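Scroll down for the structure; my scribbles are underneath it.
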Amino acid sequence: MIFEETYTLANGVKIPKLGLGTWLIDNAQTAQAVRNATAIGCRHIDTAQAYGNEAGVGEGMQSCGVPREQLFITTKIAAEAKSYQSAAASLDESLRKLGSDYIDLAIIHSPQPWAKVNQSSNRYFAENKEVWRALEDAYLAGKLRAIGVSNFLQQDLENLLSDCRIAPMADQILVHISNTPLKLISFCQSNHIQVEAYSPIAHSEALKNQKIAEIAEKYQVTVPQLCIRYDLQLGLAALPKTANAAHMRENAQVEFTIRAEDMERLKKMEHIKDYGDSSFFPVYGGKLS
């Protein structure tokens with residue numbers, strides 16, 4: 001069963017290959033989403049300070065009936081927290097909201113504050129080193145089992161790797177069929193940084209792509225199943241987002257193999273440029289006003 005399969009991070013911590021993304025799930029609905037996910041075997045839950053639903057994740061964790069040590073919980077330091085003090089304080093606040101003594105994986109949400117993404121060439125190198133130092137200290141204090149980043153490009157990773165005490169263990173980035181940053185993935189893998197793929201179904205836009213649908217039909221699977229399997233075969237952890245229990249079950253039915261020639265076709269597929277109503281989000285190339 002895919003929920004039982006894991007990757008091993010650089011420090012030996014096991015991270016489940018398939019998780020539940022909770023972006024845009026309202027805090028009031030999140031606890032039930034966590035209970036639904038854990039009921040079908042999911043043990044990897046991804047949240048963030050920016051999502052505003054850490055408390056819901058915490059409630060779901062505590063009421064799902066699964067021992068805490070069997071769950072893998074990720075949260076992200078807000079992109080705007082660019083000092084040691086703000087990052088350290090925010091981690092303690094996340095622990096409080098989650099109702100947990102530790103976080104399995106804590107990551108920097110973005111190298112740039114959201115308001116600067118796609119608008120500035122400033123990569124905040126010095127500031128990110130300060131935030132990373134706060135993560136290192138929290139890790140060494142036992143508050144975090146693993147530490148990493150999100151939306152970091154190679155130059156951002158090299159900045160941290162240049163003089164860190166503990167190297168990043170994960171980079172959570174946008175990866176889906178038609179958007180596969182192979183050079184960045186290769187750089188991460190050669191540096192023992194586990195890549196996690198958020199929005200593996202392109203925020204549902206892949207459902208509208210006829211070329212993807214044709215390949216899914218060939219394997220007699222759904223488009224979401226093909227998209228998730230694609231990321232898994234690249235060696236990535238996949239984090240599809242849904243609050244729908246039926247969709248969660250469907251997303252986990254990925255016990256098939258995409259042939260090598262079809263993987264190559266999918267890697268080279270024309271980029272999905274329109275993310276619909278979500279296009280204004282910085283992660284999809286837009287700008288926050």
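Gain on full extension, evaluated as 0.36 nm per residue between Glu158 and Ala245 minus their Cα-Cα distance, stands at 27.4 nm. Computing mean projected area of the Cα convex hull in nm² directly from the structure and comparing it against [x] 13.9; [y] 16.3; [z] 14.7 singles out [x]. GNM on the chain, alpha-carbon springs under 10 angstrom: the most fluctuating residue among Gln154, Gln32, Gln62 is Gln154. Just checking the listed ones, Ala167, Ala138, Ala39: in the Gaussian network model of the chain with Cα springs under 10 Å, the one fluctuating most is Ala39. For a paramagnetic label modelled at 7 Å from the Cα of Glu136 toward its Cβ, which residues of the range 146-173 fall within the zone defined by backbone nitrogen distances under 17 Å? Under cut-off, by backbone N: 146-149, 156-170.
Taking the protein heavy atoms of the chain in the context of the full set of protein chains, the accessible area attributed to carbon and sulfur is 48 percent at 1.4 Å. Beta bridges per DSSP, both residues in the chain: antiparallel share near 15 percent. Take every pair of alpha-carbon atoms less than 8 Å apart whose residues are at least six positions apart; their mean separation over the length of the range 1-119 yields a relative contact order of 22 percent. Between Leu24 and Lys273, the simple spin-label model (points 7 angstrom out along Cα→Cβ) gives 2.1 nm. Largest mean-square fluctuation among Met169, Met263, Met248, in a Gaussian network model of the chain whose springs join Cα atoms under 10 Å apart, belongs to Met263. The dipole here belongs to the range 5-151: it is taken about the Cα centre, uses +1 on the Cβ of Lys and Arg and -1 on the Cβ of Asp and Glu, and is about 240 debye.
In order along the range 3-19, the Karplus-derived 3J(HN,Hα) couplings, from 6.51 cos²θ - 1.76 cosθ + 1.60 at θ = phi - 60°, round to 5, 8, 8, 9, 9, 10, 6, 4, 9, x, 6, 8, 10, x, 5, 10, x Hz, and Gly and Pro are given as x.
When the helices of the chain are scored as -39500 (n - 2.57) per DSSP H run of n ≥ 4 and the total is divided over every residue, the value at 222 nm lands at -11000 deg cm²/dmol. Per residue, the chain exposes an accessible area of 42 Å² to a 1.4 Å probe, with every protein chain left in place. Most simply put, the range 131-289 has about 10% antiparallel DSSP beta bridges, counting only bridges with both residues inside it. For the pairs Lys17/Lys116; Lys14/Lys76; Lys76/Lys97; Lys97/Lys143, note any where the Cα-Cα span goes beyond 21 Å. In this structure, Lys17/Lys116 lie more than 21 Å apart at Cα. Based on C-alpha pairs under 8 angstrom that are at least 6 apart in sequence, the chain has a relative contact order of 18 percent. Starting from the Cα gyration tensor of the range 1-107, take the square roots of the eigenvalues, sort them a ≥ b ≥ c, and report rounded, prolate or oblate (rounded when a/c is under 1.5, otherwise prolate if a/b is larger than b/c, else oblate). Since a/c reaches 1.5 but b/c is at least a/b, the shape of the range 1-107 is classed as oblate. Between rounded, prolate and oblate, where does the range 76-152 land on the alpha carbon gyration tensor, with a ≥ b ≥ c its root eigenvalues, rounded for a/c under 1.5, else prolate if a/b exceeds b/c? Cα axes put the range 76-152 in the prolate bin.
Taking amide hydrogens as placed 1.01 Å from N in the peptide plane, the amide H of Ile108 sits under 5 Å from those of Ile77, Gly148, Val149, Ser150, each at least 5 positions away in sequence or on another chain. A straight line joining the Cα centroids of the range 191-213 and the range 251-289 runs 4 Å. On full extension, the segment bounded by Lys287 and Leu182 gains 35.3 nm, given 0.36 nm per residue less the C-alpha separation. Shown here for the range 221-289: trypsin sites (Lys or Arg not before Pro) in loop regions (DSSP other than H, G, I, E, B) with at most 13 other Cβ atoms within 10 Å, namely Arg259, Lys268, Lys273, Lys287.
Taking every C-alpha pair closer than 8 Å and separated by at least 6 residues, the mean separation divided by the residue count of the range 151-210 gives a relative contact order of 35 percent.
The values are calculated or read from the model by the stated rules, or taken from the named source; none is laboratory data. This structure is a prediction, so every number in the text was calculated from the model and none was measured. Cβ coordinates were reconstructed from backbone atoms using ideal geometry, including for glycine residues, and neighbour counts include every protein chain displayed. Just so you know, the surface numbers come from the protein's heavy atoms only, side chains and all, with ligands and any DNA or RNA stripped out. Shrake-Rupley method; radii C 1.70, N 1.55, O 1.52, S 1.80 Å.
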